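Here the structure comes first, spelled out in structure tokens, and everything after it is commentary.
The values are calculated or read from the model by the stated rules, or taken from the named source; none is laboratory data. The model shown is predicted, which means the values in this text are computed figures rather than measured ones. With ideal geometry, Cβ positions are generated from the backbone for all residues, glycine too; neighbour counts draw on all protein chains shown.
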Ligand SMILES: Nc1ncnc2c1ncn2[C@@H]1O[C@H](COP(=O)(O)OP(=O)(O)O)[C@@H](O)[C@H]1O
Ligand SMILES: [Mg+2]
């Protein structure tokens, strides 16, 4: 498996402020990779460096086999898609005309517009003026804009923040479909549930440093206490360690019909983040 992104010892300093202390990680081709962290942890700065909007202070950054020094080229820009805070649309143009402009910019065929509008479920808004769209609809037009030239790799900076659960789920389905078709996705979020649902691997960013990097399942297993939590019909709550010596106790509870619920302790990504960094993910 090739790496779509390679980051080695990346550092970013803004004047007195060190936004990224030292970052090293790889993203494999075909992955959905999530960079997770609270506000101010350095997510947007990382995306800006990976997409060529900002230069790193030191360290090596390589995206799709291209070194950061070449990120200004049209060849690089045509290979990646970006959805960020400062992605914008022409408010007075229609949805279709906005996408037409981006098609021209990226030399993408105009027939892609209707295909992508179907994907993001905006066929009915095709001729609507952007200023008349809801926030969720605008976000989906921005996503269409990021994808119109069929990039191999897309960067999404908090793609669903401020969207309602319905719109969020719709965007998630779209991203999963896109990924199944072979697109690598790098996204940032502070939404743990989103990361859990979407990402093959997640990296925890805190104060410009990576604290953990693994699949959501592996992290949940790593931070599990490996105990059974049992609630009985009489209201008792038991925590029984998962070891041979406790088998009789568990068997007895089941044999006596006392078990109302039983599950292994599986912390959420949010709980793990708090444990690792001492900070809530907001
Ligand atoms: N252009 C800039 N000049 C100075 N400081 C900046 C600049 N951009 C970001 N920062 C600082 O870098 C840190 C990381 O910011 P950012 O990458 O936007 O975090 P996030 O996206 O995780 O909220 C913050 O402390 C922020 O204030
Ligand atoms: Mg940000």
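If you filter the stretch 52-73 down to residues that are part of a loop (DSSP other than H, G, I, E, B) and touching a helix residue (DSSP H, G or I) at 6+ places or on another chain (Cβ under 9 Å), you find that the one that is surrounded by the fewest Cβ atoms within 10 Å (Cβ to Cβ) is 55.
Conditions tested, residue by residue: (1) touching a strand residue (DSSP E or B) at 6+ places or on another chain (Cβ under 9 Å); (2) more than 16 Å from ligand 2 (Cβ to nearest atom); (3) more than 29 Å from residue 197 (Cα to Cα); (4) not assigned by TED's automatic domain parsing to the domain that holds residue 195.
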{"residue": "10", "(1), (2), (3), (4)": "yes, yes, no, no"}
{"residue": "26", "(1), (2), (3), (4)": "yes, yes, no, no"}
{"residue": "30", "(1), (2), (3), (4)": "yes, yes, no, no"}
{"residue": "80", "(1), (2), (3), (4)": "yes, yes, no, no"}
{"residue": "84", "(1), (2), (3), (4)": "yes, no, no, no"}
{"residue": "101", "(1), (2), (3), (4)": "no, yes, yes, no"}
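Of note, residue 38 does not satisfy the criterion of being over 30 Å from residue 215 (Cα atoms), at pLDDT below 95, assigned to a loop (DSSP other than H, G, I, E, B) and touching a helix residue (DSSP H, G or I) at 6+ places or on another chain (Cβ under 9 Å). Out of the residues in the stretch 40-56 that are within 6 Å of ligand 1 (Cβ to nearest atom) and touching a strand residue (DSSP E or B) at 6+ places or on another chain (Cβ under 6 Å), which is nearest to residue 82 (Cα to Cα)? Filtering first and then ranking leaves 44.
Taking the residues in the stretch 100-123 that are part of a loop (DSSP other than H, G, I, E, B) and touching a residue at least 24 places away in the same chain (Cβ under 8 Å) as candidates, determine which candidate is nearest to residue 143 (Cα to Cα). Applying the filter and picking the extreme gives 120.
The number of residues in the stretch 1-18 being surrounded by fewer than 20 Cβ atoms within 10 Å (Cβ to Cβ) and either within 24 Å of residue 191 (Cα to Cα) or in contact with a helix residue (DSSP H, G or I) (Cβ under 9 Å, 6 or more places away or on another chain) (or both) comes to 1.
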